[in-house]
Structures are given as C-alpha cells and as structure tokens.
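Heads up, the thing below is written out as structure tokens.
The values are calculated or read from the model by the stated rules, or taken from the named source; none is laboratory data. Everything numeric here is computed off the predicted structure, so don't read it as measured data. With ideal geometry, Cβ positions are generated from the backbone for all residues, glycine too; neighbour counts draw on all protein chains shown.
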Amino acid sequence: MADTAVLPARRVGRETAAPPRRRRRGRLTPLLYVLPALIFYAAFVIVPWVHSLWISLWEWNGIGVATWAGLANYIEVFTDSALRSSLVHAFGFIVFYSVLPIGIGLVLAALVAATPWKAMPLIRTILFLPQILPLVAVGVIWKWIYSADGPLGLDSSWLGDFALAYPAVGLVGTWVSTGLCFLLLLSGIGKIEPSLYEAAKVEGCGPIREFWHVTVPGLRKEIAVAATVTIIAALASFDVVYVMTGGGPGYTTMVPGVQIYQLVFTAGRVGAACALATVLSLLTCAVMYGLNRLTRER
Amino acid sequence: MKIDKMLAIVAVSALAVACAPGSSEAPAAQPTGPVRTGAPAEKVTLSLVSTPESGAAIKAVIAAFQAKHPNITINYTDTNYDDYNKSLNLSLTSDQAPDIALLNSVGTTVKDGLVRSLAAYEKAYGWDKTYPSTQLAQWRVAADGSTLGSGDLYAAPAGFSLVGVYYNKAKAAKLGITAPPATLADFESALAKAKAAGELPLQLGNAQGHAAFTVQLIGQSQDGAENAAKWTFGHKGASFDTAGNRSGAQKLLDWAQKGYLPKDANGVDLQGAVTKFTQGEGVFFIDGNWDAAKIGDGLKAEAGFFAFPGAKATAIGTSVAYAISAKSESPDAAAAFLDFLHSPEASAEEFKAGFMPADPAAAEPETDTVMADIVAAWTKVNTDDGLVGFNNNATATMNDKLTAATQELIGGKSDPAGFITAIQDEWAKTHG
C-alpha cells in the first residue's frame, strides 16, 4: 500500500505557449518529487521481488552451487499435494480473517452507533487491543487457551485434533481482525449523511432494513479497505500458525507462509520457496484486483 | 511514460540479478598437507559458536583448556537451538565465520565445503582408538557429501545424548512391576497393567513429532542397531520398510487406539509432556537424557530409566560434536581443543551438564538417582554397540515429515503401511 504516490494532474493546454525547454522541465519536475520514494520502493520492494522471481527458476540451497531448474519449481507448486493444500488453507482463512470480522464488525458498529455509550472509549480500546499485540504473543496465549490445562477447561487440546485445529487457529485470526474492522466501520458510519437515516425512518424502515439499505451501502469504501487489509493478512498468515501448530496435526493447518519458511530454512530449497512465494503473491494480487473491481463506485 | 518507466525499472533490476544465485563455483578443495598436533606455542584467538544447551558444558571445558594453554583464547557465543541450526550455514560462509562450531547434524555443511575434514587430525591424535566406532560413525561423511557412517571424520564428539524409557518407580511398584521390562512383550503387558489400573501407561507429547522415538526404538530393537543405522545414515538401497519398523508403526497405532497414550498427544509438545510426567501423569515416558535433571528434580527417587527392552540393548543417541570451519586460520589450535574434548576434565564437565561422556568410566553419578540408571543404560548400550543416530536427522526434512506422519498415524488418519511409505519416499528424495 506504499505505492500510492500519484503524479499531479498535468495542466494540459495552459502551457501550450511556453517554449519547448520549459515544458520539458515541467514534465520532469513531478518525477523529482516522487524520486526519493521511488528509489526506496525500487531498492526494497521491486528489486528483491524480481530477484526472488529469478531465484525461483533455480534449484539452490542458499549457500552452494545453484542449478538451473526452469519452471520445475512452479510445476511442483501445482502438482505437490502438500504445497497445493497449503494454498487452499490460506484461502480458507479468508473466512476467518475477513468475512467473519467484517460481519461482526458491521453489526457491532451499527449497534454502537445507534446507542452511544459512556464506556465507548473503553470498548474501543478492548476491541482494538488484539491489533497491537505482536502476533507471536497472540499465538502463545491462544495455544495455552486451547490446551487441556487452559482456562476453557478443555478435555484435550484442540490444536492436536485433526477436525478442530484448523477452525481453532482460524478463530484467532477472527479475534485479531475484528477490532480493526469494527473501528474502521464505526468511523465510516459517522460520515454517513444523518438525513439518510431520517429519510429511512420516515419511510418506515425498521433497524434491520435501515442497516441493509443505509449503513451497509454507505460503508462500501470502508468495507473495501477492511477486506483488503484482512485478506492480505489471511493469505500471508505465518506467525500465528507457526507458533500454535507449526502446520500440524499432520498438514491440517499448513499455510504457504510456514511452508516457505520450512522450504528455505529446513529443506534448503530456496528456489522452490521463491516459486511458492511468487505464486502466492500473484494470487494475492489477483484477489485484490477482483476486490477492487467489485467495490469500485459505479 | 508510466509503462516506459516500469520497463526501465524491470530492466535495471533484471540486470542486477542476471547471474546464478549463490557461488558459481564448487567449493574449494580441502587442504591436505601435514598437520601439527598439540597446542601451538604462539598467541591464538579462536571463536566458538554453540547453543545454550550444549554450551553450558563447553564453557567450563573452554575454561579448563585455557588454564592449560594460556596463550590460546577461545571466545564463546551461543544462539538458541532453532535459530542456531537455521543460521549456521550462513555464518560459516560469512567473513566472520567461527573457527569451531557445534554441529547438531551434518546437513549440507560437508557438501558445501563449510567444515574441514578432520581425517589428518584423527590419524595424528588417534581418535579412532579413543572412541568406540559407533560414537564417531555419525560424523563420518562419504565423498558424496550426504551419506554418513563412512569416509572422513568432520566433527569430534563432546558429549552424548541417549533416548530410552523413563519410568515412575512408585507407580510401577504399585502395579507390581519391580524390574524394568526385558522384552517388548513384557513392556506391552506393563502398559496394559497400567491401563487396567487407571493410570496413563505412556506419557507422550507429539506436537513436535516425538512419537518417532517410539517407532525407531521398537524398530531397531528388532532389526538390530547395525541394520537400522544403515537407513539413518542414508546408505544406498536401505529401506524403512523393515519388519521392525512395521511393528513399530503398528504398535504406536495400537497403543493410541487402546488408550495407552494421552488423548491430546498431538497437541502437547515435549516439554509439556515432561512437566506432566514429573507431576505423576504417566507410568512410562520415552525421552532423552537431556531432560534427566528436570525429571530427577520432579520425581526425586521415584524417577527411573532403562534402555529400550530387546535382545540387545539399543538406544537412539547422538553426540554434540564440534567441527572446524573451513575458513579457520588456526586449524591446528582448533584441533588441539577438539582433542581436549575427551580429556577427563572435559568428560567430567560434560557429565555434570547432563551429557554422557565418551568414556563411561568418567561418569560417577550418585547412587539411586535417575542419573545412575542412565549411566547404567549408557554402559549397556555401548557394550552391545547399540547406539543409532536419530531417524529425524536422516535427511534435512525428515524431522518435519516424521512429525506430520506420526501425528497422522496417532490421529487415525493413516495406517502403518501408509506411514512407512511416506517416510521411505521422503528418504528417497535425498538418498534414493
């Protein structure tokens, strides 16, 4: 999201009379303004990204001699069932990281906006707290909560159960994201024209119809932002899974982030890791493009 | 213009990377000339890297070594176990490569020419006579750089670990078990007795895949240490599909189904299981001597230990071993330190820190402690030449594979045949 530097609109037509030299300088000046940011962006985002694209075409352990692999690493990403299923798990996390938090956040924000409470700052802080905790700490805390000697008094650890581990890890994502979505949506509600609500009341709308016909459409932009941030978090999830299950039991909670880490640091297969990372980033871009199309104002 | 700019950036960055990643040449040939034994007389500063677990002893060993050779200074640094293993190769290639480095497994250090062959030093110092052959075997690497058990020596052992069976003597006595079981059948009937008495028969934490110990111990106790080691060391043509391993996988599944294992074993890690065992949950517990202090403190005189039952005593074990970096400028001084690792002073320090010394005679535990049991088991295993390296180290990814595969086996998501195939396929990716 750092690449939103926008060139100032050119004043077409006004400078047509100016000598060619001046016009040329005028065209380059805006570039100068974005240059510092562009240099950093190129050095720390674009070049490493292209570099990892390049490495993904090699079989390389990070230290020794690299051998050309062509597209073999990419073929493996799509044919190896373990790698493929980790991609599926990441997309499944969108339900827990985005859909549930936005849904819960919408309802909470609508409720809170309708009935302003005195305890509001406290509620906001508590709901937002998971956002400011390091995800590793979140993982450690929830690992304990889900364990047999945790506060839930569970019979046996959920994280060791093949059926429960995945939703258990996913719900941590919900817990983390809900506060962010709630705050974003709440601030959005404040910007909705009050007259729309009045009009809805005059038309005889109940609170539920008001929610669907005024609040939700009015929050289109905020929902788009919340979805963008949380979907990226879902697809790039690593910390929570790594700390809580390491991808287990079996491979039930394996996600690309953990797989990439293992490929590089355990298996010594930097090329295959870069291929998986590239596929993941392209898929993320595709999802973001689709999301943008969906939420763009008509 | 936007497109032009983007193309230009891509072109520039493509230029910046347009060469094969990593070094383009094969690692330089190892020096082979004559070597000097004994500590050099001039002033030498060496650096040594380790992990806190292994480093506790080595710090004391360094102090003893420096007292003997005041002209040699050894700077010690440590990093926690996981980070250490993941960053070792990078640090060995860097300009600040340490002279002496702890090796937890050979990995690709030999293939990539990161550590120095100790063949000349082994001959000069006579290490092949100092240590029993099985103690050095796991640090011998064949010319291909990945097959272990024969070839040049690349690291010298400092202290040994040993995996066997801990048991709660008080609970066992209540069940009428007065002596450690002598056969697998005895062991199984003891587990059954414990279950019938409402005790948890076998404590286990498998979040990190430690059920692999159970499979390996059952397997090698039937197949024999020598055969089992062939697979662990990656010898061509070896197979995981042996009668012993099939039985090991089947028993693990049976025990899970009969309720001999904790229900949530897959969700508890090793340290969690150790804690539960010291709190009296479980009659038996398969684990290594690295947890002896914690279990001994927790269960006091009730803590016991025995080598896994079988016709011959076998155990899973490895040594913490130190290698000399290929970049070291003072290999002779470093080798003198490695030779010091089997001295009586060093052995005593290793034992104090919980490691088994190369020479069992150097271990003098207090009688009637869990340490005394462990030393007895260690002696027995050495007499029977029954030490086998960890299956988890058979390939770089084997630990991850064993973790997932044992979790699936215990969780009833796969069967013993599927388990054996999955493990053998993973092995064949490296050694096939």
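Can you find a residue that is assigned to a helix (DSSP H, G or I), within 14 Å of chain A (Cβ to nearest Cβ) and either modelled with pLDDT under 95 or within 29 Å of B:Q135 (Cβ to Cβ) (or both) anywhere in the range B:216-236? Within the range B:216-236 (the criterion being assigned to a helix (DSSP H, G or I), within 14 Å of chain A (Cβ to nearest Cβ) and either modelled with pLDDT under 95 or within 29 Å of B:Q135 (Cβ to Cβ) (or both)), the answer is no, since none of the residues qualifies. On the basis of being over 19 Å from the mean Cα position of the chain (by Cα) and on the phi < 0 side of the Ramachandran plot, does B:G237 make the cut? So B:G237 does not fit the description; no. Every listed requirement among (1) in contact with a Gly (Cβ under 6 Å, 6 or more places away or on another chain); (2) surrounded by fewer than 22 Cβ atoms within 10 Å (Cβ to Cβ); (3) in contact (Cβ under 8 Å) with a residue 60 or more places away in the chain is met by B:S117 save one, (1). Selection over the range A:38-78 of residues that are touching a Cys at 6+ places or on another chain (Cβ under 8 Å) and closer than 13 Å to A:R269 by Cα gives a count of 4. Filtering B:E345, B:E349, B:E364 for residues that are away from chain A (no Cβ under 14 Å) and not in a helix (DSSP H, G or I) leaves a single hit, B:E364.
Taking the range A:103-155 as the search range and keeping residues that are among the aliphatic types (A, V, I, L, M) and part of a loop (DSSP other than H, G, I, E, B), which one is farthest from B:A265 (Cα to Cα)?
If we filter the range A:103-155 for residues that are among the aliphatic types (A, V, I, L, M), which is where we start, we get A:104, A:106-114, A:119-120, A:122-123, A:126-127, A:129, A:132-133, A:135-138, A:140-141, A:145, A:148, A:152, A:154.
Retained after the next criterion (residues that are part of a loop (DSSP other than H, G, I, E, B)): A:119, A:133, A:148, A:152, A:154.
Details: A:A119: 44, A:L133: 29, A:A148: 11, A:L152: 18, A:L154: 14 Å.
Only one residue fits best here, namely A:A119.
Of the residues making up the range A:185-195, none is within 19 Å of A:Y97 (Cα to Cα), aliphatic (A, V, I, L, M), out of contact with any Lys or Arg (no Cβ under 6 Å at 6 or more places or on another chain) and within 14 Å of another protein chain (Cβ to nearest Cβ).
Checking the conditions here, which among B:A143, B:A101, B:A155, B:A172 is of a type in the set (G, A, S), out of contact with any Lys or Arg (no Cβ under 8 Å at 6 or more places or on another chain) and closer than 30 Å to B:F284 by Cβ? Let's see the steps before the verdict.
Values: B:A143 fails: closer than 30 Å to B:F284 by Cβ; B:A101 fails: closer than 30 Å to B:F284 by Cβ; B:A155 fails: closer than 30 Å to B:F284 by Cβ.
Only one candidate qualifies: B:A172.
For the range A:46-61, taking the residues that are at the interface with chain B (Cβ under 7 Å from one of its Cβ atoms) and assigned to a loop (DSSP other than H, G, I, E, B), the one that is modelled with the highest pLDDT is identified as A:W60. All of A:V99, A:V45 fail the test of being loosely packed, with under 15 Cβ neighbours inside 10 Å and within 30 Å of A:Q131 (Cα to Cα), apart from A:V45. Of the helices (runs of 4 or more DSSP H) lying entirely inside the range A:182-298, those containing at least 1 residues that are under 16 Å from the mean Cα position of the chain (by Cα), among the aliphatic types (A, V, I, L, M) and over 26 Å from A:F162 (Cβ atoms) are A:220-235, A:270-295. Within the range B:134-149, the residues that satisfy the criterion of being in contact (Cβ under 8 Å) with a residue 12 or more places away in the chain and either hydrophobic (A, V, I, L, M, F, W, C) or assigned to a helix (DSSP H, G or I) (or both) are B:T134, B:Q135, B:L136, B:A137, B:W139, B:V141, B:L148.
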